[in-house]
Every structure is written in structure tokens, then in C-alpha cells.
1. Can you tell me which residues in segment 168-190 are within 16 Å of Pro118 (Cβ to Cβ) and assigned to a helix (DSSP H, G or I)?
2. How about segment 109-129: which of its residues are surrounded by fewer than 17 Cβ atoms within 10 Å (Cβ to Cβ) and under 19 Å from Thr189 (Cα atoms)?
3. Every residue in segment 154-203 that is acidic (Asp, Glu) and over 25 Å from the mean Cα position of the chain (by Cα), please.
4. Which members of segment 17-43 meet the condition of being over 21 Å from Ala84 (Cβ atoms) and surrounded by 15 or more Cβ atoms within 10 Å (Cβ to Cβ)?
5. When the residues of segment 132-147 are filtered to those that are more than 19 Å from His96 (Cα to Cα) and assigned to a helix (DSSP H, G or I), which remaining residue is farthest from the chain's Cα centre (by Cα)?
6. Which number in (1) in contact (Cβ under 8 Å) with a residue 12 or more places away in the chain; (2) small (Gly, Ala, Ser); (3) within 21 Å of Glu101 (Cβ to Cβ) marks the one condition that Ser178 misses?
7. State all residues of segment 122-138 that are modelled with pLDDT of 90 or more and β-branched (Val, Ile, Thr); if no residue qualifies, say none.
8. Of the residues that make up segment 160-176, is at least one closer than 23 Å to Ile129 by Cβ, in contact with a Lys or Arg (Cβ under 6 Å, 6 or more places away or on another chain) and at pLDDT below 95?
Amino acid sequence: MADGVAVTIPAKRKPGRPRNTSSEDTKLRILEAAVDCFADGGFEATASITIADRAGVTPATIYHHFSNKRTLYIAAFQHSIDVAWREYAGVAEAAHASVVEEVMAVVRHACDIMRTRPAMTLLAIRAQIDVASSEIQIDAVAELFEAMVQRAVTRGELREEDGVLFAESVAMFLWGLSVVGRHDDETRTRCADALERVLRNTLITTRT
């Protein structure tokens, strides 16, 4: 009581869904925290309480959204794929002058993600062993390459029958870049520069 007026001190709120926060916002926070935690510790070494603490929720809140830890692990990997590849689609469409410009826009953006969100890259590497391809939806990946191929075919830069080979080659380079240069921005940049020179035919000299 202060100056004759009763003062009520609110109880400290336990971790959980914050007030005025939607269920989808809470789920997104859990996914973002799971990406970071699983990237750091892998599936086996990461406890649900660790993810809950990172997300600012209780373990019960996690299991309200995800049935078990493996479901959350797969969802976190899926979230990383969706975020990265939809961003790739945006930068590719913006760099529509040529297929080379589109490929390099995607590669440069991948380098940016590896630098600013390294956990997404590391989780992708871990999940290649832990998660079967049948458990992951690759709609965002397919949509990106379908759009890039169609634009390249329309511009006369690519034969339609080479579309699959084109997509596989770009995807393989991105995967190799994430593995070889996952901890080294200088290596990533050097590899990206080399790819651009290959695409522009300025790296290799052919003997006549």
C-alpha cells in the first residue's frame, strides 16, 4: 500500500504465447527458433526446452503446434526451403534481362543468406542426412526453375528440352556452394565470381 492506496503488483508472466499475438505468429517464432537450434545442435542433441526458450514459449506451446520433435525438425527444414527459394524467385524475376543475370542474382542472394542466416544453410546440410526427400515439399524450388526456364526459352536463350538439365545444374552449384563455402564468405564470393565468368565465357580459353 502506498499513500493509502493499495498497489497490486502483477505476477510475472510465464513464457507462452504473448498477448495479442496470433497463433501463426507464435508458430513462426517457433520455426525460426527451431532453425537456429537444430542448426547448432542437430536433431538428437537439441532439446525441446532449448527451442522453447529461444522462441519465448513453453514446451507445451510447441507441442500444440507440432506433434513431436521430428515433426518440428522437418517443418523447420521446410520453412528454410520456402523462405530461401521464394526469395530466390523474387530476385530472379527482378533480374529479367537475361538468364545469366537471373542465375547470378539467385547465386548472389544465396551468398547473402549464407552470410546473414548461416543457420538455414547448416540445417539444410544436416537435414540431407536426417530427412527423406519424400518428406519435403519442393514447390518453391520447382516454381523458381519453371519460371526461369520459361523466360529463358521465350528469350531464345535456352532450348525447352534442356530445361531440366539447366535446373539441375544451377541447383547442384547452389548445393555445392553451401557446403564448400558455408563458413567462408570469401570462398563463396570467389566461387560466384568464377561461375559468372564461366557463364559469360570469360574464364576458359579454348585453343584454336
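The values are calculated or read from the model by the stated rules, or taken from the named source; none is laboratory data. Owing to the predicted nature of the structure, the values given are computational and were not obtained by experimental measurement. Neighbour counts run over all protein chains shown; Cβ positions are idealised from the backbone, glycine included.
1. Result: Leu174, Trp175, Leu177, Ser178, Val179, Val180, Asp185, Glu186, Thr187, Arg188, Thr189.
2. Asp112, Arg115, Thr116, Pro118
3. Hits for segment 154-203 are Glu157, Glu160, Glu161, Asp162.
4. Within segment 17-43, Arg17, Thr26 qualify.
5. Quick first cut of segment 132-147, residues more than 19 Å from His96 (Cα to Cα) only: 132-139.
Keeping just the survivors that are assigned to a helix (DSSP H, G or I) gives 133-135, 139.
Numbers: Ser133: 16, Ser134: 18, Glu135: 16, Asp139: 14 Å.
My answer is Ser134.
6. Answer for Ser178: the failing condition is (3).
7. The answer is Ile125, Val131, Ile136, Ile138.
8. no
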